[in-house]
Amino acid sequence: MTAVKQVIMGLNGDEAVAYAVKQCNVDVVSAYPITPQTIIVEKISKFVNDGEVDLEFIKVESEHSALSACVGASAAGARTFTATAANGLQLMHEILYITSSLRLPVVMAIANRAPSGPINIHCDHNDSMGARDSGWIQIYSEDAQEAYDNVIQAFRIAEHPDVLLPVMVMMDGFLITHTLQNVSVLDDYAVSEFVGYRRVDMIKVPAIHGDKEVYRMLNPRYPLTFGPLDLFDYYMEHKMQQIETMKNAKKIIKEVHDEYAKLSGRFYGDGFVEPYKADDADFLLVGLGSTMGTVKEVVDDLREEGFKVGSVRVRVFRPFPEESLVPLLRDKTAVGVLDRGISFGSYGQLYLDIAAHLYGRMGPILIDFVYGLGGRDMPPSLIKSVFREIIEAEKNPEPVLRVRGVRG
Amino acid sequence: MSELKGWREIPIGGVVPLSSLEYRTGDWKVFRPVIDEEKCVKCGNCWMFCPDSAIEWDGEGVPKPNYEYCKGCGVCAEECPVKAIKMVR
Ligand code: SF4
Ligand code: SF4
C-alpha cells in the first residue's frame, strides 16, 4: 500500500540519486566528477544553476578536497552530500577515517567502479570494499529505485542522534548508474517531511558552560575544536565509541527502513538482507548489488527444474547484519558467496565476513565465487553453473576460492 | 593531573570544548619572523598565508606576528613579495 503520491520518472541510477539529493534539504554538496558518478554531480549543479534547489555547491580540484570541504561544512552544521567512485574514493581515503571519527553525518553515493590499474571504468566492488574499515555505514543498492530510496534513508540514519556516522550508498557503475529505469519518486513535500532539516546534536561542557548544552558544531560563540591531538590516553575511548555506535546503528537502520517502507510502499527484506525463496532452500547464493536481480531469475528457472535453491542479497554491509544473515544460512547444505571483489592473498570480502560470522555455528559448506571484476559480464548461464557447483559442493568442497567468468 | 574518563563520559568525535586560542603553539618555534617596517608594502600576503592565523593585521598598517601562536614555519617569509620578512633565531 502506497501512502503518498508518487510519480514514475525515467531515470538512470545517477539521476535518481541526484533527484533524491534535490529533495532532501541538503545544504552543501562538494564533489569532483569521476566516471561513472559524473552524472550525479552534473545534475546537482544543473539543479543549483536553474534555481531548483537551494544548496551551496563547492567546486574543488580533487576528491581529497571534496570530502575535506564536506567535513568542514558538516562540522559547521550543514547537511552535506558528496559522490565519487574508484580512484576518487581512494584519494579520499585519509578523509574517510576523519569524517567517521569526527562523527560527521556526511552522505556519499558511490558508483562502484574497478580501481586502477590497468585503468577500467566498469563495475566491481573493490573500491568501496577498500573503504570497508573506515567507519562508514555501507548500504548496497540493487537498482536505481533502491539507490533513490537509500539516499533518502541515508540522511535520516546518518544524522540520528544515536548514530552520527557517515553513510555510503553504493550502486553498481554503469549497470545501475547508466541504466534507465522507471523510478517511482515521492513528492517533494513527503521527502522533506521524512528527512526534515539537519538538527545538530548537543554536548555538555560543564567546566565552561555549566548545565547549558551547546551544539556540537563550529560556532565562534561557543568554540569547540574538531580533530585535535588524541594520543594513547583517549584515542582508544573514541574508537570504543565508534565500535559501540556501529552496533547500535542497526536499530536505527531498521526503524528508518520500516518507516520509509510505510511511506513509499517499498521495502527491502528486513532492511538488512533480502532473501528470495531462501526459507526452504538447501542451496543459497549470497551477494551484493545488481547481480542479485539476475540471480532471482535463475533461482526461478532452477526451481522449475526441481532444485531447491534460493538467494540472499546483502543490503547493509557495515554494520554487518549477522542477526539477519546467520539464521538464514546456518541450516543450509551449501552456500555460495558471490564476491565482486577480492582481498588479494585471501578471499572475497563478503565471504570473509560471512565465514567469520558463521564460525562455530554449525554452518553450511561455504564456497567463494569471485566474479565480474572490471565489469566482466555475469550472465544467467554463468550464475546457473555457479549454482550447479553449489549443489555439488558436498562432493567437491575444494577449492573454496573459485574465480568464475575468467578465461583459463 | 585530572582522572582519565571512560568512553561513555566523553563527548563523541573527540571534540574539545576549547578554542584554538588555548593552544599556544608559539613555543614550537626555533626561528621567528621579523618584519622590516621600511620594506613592507602592507599587501597582507603574510597575514593571509599564515597557517596558524598568527599574524594580526588591521587591514592598513604593517602586520604583526603574534609570537604566542607563531610556530615559526616561515611560510610568511616565503610568501612576502618584497622579502620584508626575515626569520631570526
Ligand atoms: S612563521 Fe609561520 S606561523 Fe609564524 S607568522 Fe609566519 S607563517 Fe605564521
Ligand atoms: S607579505 Fe610582506 S609586504 Fe606584504 S604585508 Fe606581509 S610583510 Fe608586508
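None of the figures in this text is laboratory data; all of them are computed from the coordinates on show. In this text the structure is predicted, and so the values were computed from the model without any measurement. So basically every Cβ, Gly included, is an ideal-geometry build from the backbone, and we count neighbours across all protein chains shown.
For the protein assembly as shown, the antiparallel share of DSSP beta bridges with both residues in that region comes to about 35%. Averaged over the residues of peptide B:18-30, the number of Cβ atoms from other protein chains lying within 10 Å of each residue's Cβ is 2.
Beta bridges per DSSP, both residues in the stretch A:273-403: antiparallel share near 20 percent.
When each of the peptides A:309-318, A:132-141, A:225-234 is scored by how many other beta carbons lie within 10 Å of its residues on average, the order from highest to lowest is A:309-318, A:132-141, A:225-234. Within the same chain, lysines fewer than 8 places from B:Lys71 are excluded, and of the rest, those with a Cα less than 24 Å from its Cα are B:Lys29, B:Lys39, B:Lys42, B:Lys83, B:Lys86. Pairs of alpha-carbon atoms within less than 8 angstrom and 6+ residues apart define the contacts here; what relative contact order does chain A have, in percent? Once divided by the residue count of chain A, the mean separation gives 16 percent. For the residue pairs A:Lys247/B:Lys5; A:Lys262/A:Lys332; A:Lys251/A:Lys277, the alpha carbons lie more than 28 Å apart in A:Lys262/A:Lys332.
Based on every Cα atom in the stretch A:273-403, Rg and the maximum pairwise Cα distance Dmax equal 13.2, 38 Å.
Across the stretch A:10-69, Cα-Cα pairs more than 12 Å apart make up 65 percent of the total. Loop-located trypsin sites (Lys or Arg not before Pro) in the stretch A:153-251 (DSSP state other than H, G, I, E, B) with a sparse environment of at most 16 neighbouring Cβ atoms within 10 Å: A:Arg199, A:Lys212, A:Arg221.
Take every Cα-Cα distance within the protein assembly as shown, group them into 20 Å bins from 0 onward, and report for each bin the whole-number percent of pairs it holds. Final binned percentages: 21, 48, 24, 6, 0. Across the stretch A:52-163, Cα-Cα pairs farther apart than 16 Å form 60% of the total. Descending by average beta-carbon neighbour count within 10 Å, the peptides A:261-267, A:12-18 line up as A:12-18, A:261-267, the highest first.
Normalised by the number of residues in chain B, the average gap of Cα pairs under 8 Å and 6 or more apart makes the relative contact order 36 percent. Could you work out the relative contact order of the stretch A:105-161? I mean the mean sequence separation of Cα pairs under 8 Å and 6+ apart, divided by the number of residues, in percent. With pairs under 8 Å counted, the relative contact order is 36 percent. Of the three principal axes defined by the Cα atoms of the stretch B:19-88, the extents in descending order read 31, 24, 15 Å.
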